1. What do you reckon, how do H113, H219 stack up by accessible area (1.4 Å probe), largest on top?
2. Just the projected area, averaged over all directions, of the convex hull on the alpha carbon atoms of the range 225-313: how many nm²?
3. In the range 171-241, what is the volume of the convex hull around the alpha carbon atoms, normalised per residue and reported in Å³?
4. Provide the gained length on full extension for the span S238 to D27, in nm with one decimal, where the gain is 0.36 nm per separating residue minus the Cα-Cα distance.
5. Taking +1 at the Cβ of each Lys and Arg and -1 at the Cβ of each Asp and Glu, which of A227, P203, P244 sits farthest along the dipole of the range 177-270 towards its positive end, judged by Cα position relative to the Cα centre?
6. Go from 0 up to the bin containing the longest alpha carbon distance in the range 265-327, width 10 Å each, and give me the % of pairs per bin.
7. Over all directions, the average projected area of the alpha-carbon convex hull for the chain comes to how many nm²?
8. Could you tell me the accessible area of I135 in Å² (1.4 Å probe, neighbours in place), rounded to the nearest ten?
Amino acid sequence: MHILIIGAAGMVGRKLAARLAKDGNLDGRAIEAMTLIDIVTPEVPAGFTGKAVLETGDLSAAGEAERIVAKRPDVIFHLAAIVSGEAELDFDKGYRINLDGTRHLFDAIRVAHGQDGYKPRVVFTSSIAVFGAPIPYPIPDDFHTTPLTSYGTQKAICELLLSDYSRRGFFDGIGIRLPTICIRPGMPNKAASGFFSNILREPLVGQQAVLPVSEDVRHWHASPRAAVGFLIDAATISVEKVGPRRNLSMPGLSATVGEQIEALRRVAGEKAVSLIRREPDEMIMRMCAGWAPGFEAKRAIELGFTAETSFDQIIKVHIEDELGGTL
């Protein structure tokens, strides 16, 4: 099997490649090659014994999608995107990367399908940002997508494209609406939702963090470990079981910022909590007002997707995976 990960240098992409290298197979088929692509050069995952091809590229550039698809990977994980805050600040860049790049990829696969019947599994990372206020709590699987951000709009359009191209038989696509991934390791990124991770990650290592919203903000979360599990499940699930509705809201944990902080207090103590500094940010607070507070995710759960059930678990996953298991 040949695996392609677009966005392989990002946090989730790196963790996905590492998991695939560790497992050595996908759905019982040996992984003989992985092509890892991003705008910066990815790294070969530790322990991978197959052929690793590391490339830089931009899907929105002319001819790039066709070049990638020419290698005929069996499974394509499309993780590359401009994150929410950056897409809102830079309208042109958001649509170029998030929409045009995805459309180029889908069309390159469609053309290849017409040439030789090529039909890969395509796993597309969508977002809960495809939903916008007013929204119920919890959000049912059949709730309409009415995004209130450019990022959410771009993802919603790509969901429709994925469904239509799959319906036409060009590829077998599965779109997974990821919860906000928490706790993200590394440095803060430009995502407007980044503070959900920042207020836990930095205090866990004795550093200050800024909280730009009130503690009653409620949102939907899953760990990076759970996100990798979602991707692998989406790559191996029977499309017949999924049916024609190819985009799924992933399971997760609904929690307020205050509940996050209480979990931090239970796991790491009052000293960690004291490092959180309140600095309200009007733009982020406006964006938060339209974010999804939680989902039923019945379809995904029935199909076998799983996530954490408490924020204590999410914090402990971060400690195990990023801090060597201890504080």
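The values are calculated or read from the model by the stated rules, or taken from the named source; none is laboratory data. From a predicted model like this one, the values you see are computed outputs, not experimental measurements. Neighbour counts run over all protein chains shown; Cβ positions are idealised from the backbone, glycine included. For the accessible areas, the whole protein counts, side chains as well, though only heavy atoms, and no ligand, DNA or RNA atoms are used. Shrake-Rupley method; radii C 1.70, N 1.55, O 1.52, S 1.80 Å.
1. H113, H219
2. 7.5 nm²
3. So the per-residue Cα hull volume is 116 Å³.
4. 74.9 nm
5. Value: P244.
6. 15, 28, 37, 19, 1
7. The directionally averaged projection comes out at 15.5 nm².
8. Accessible area of I135: about 40 Å².
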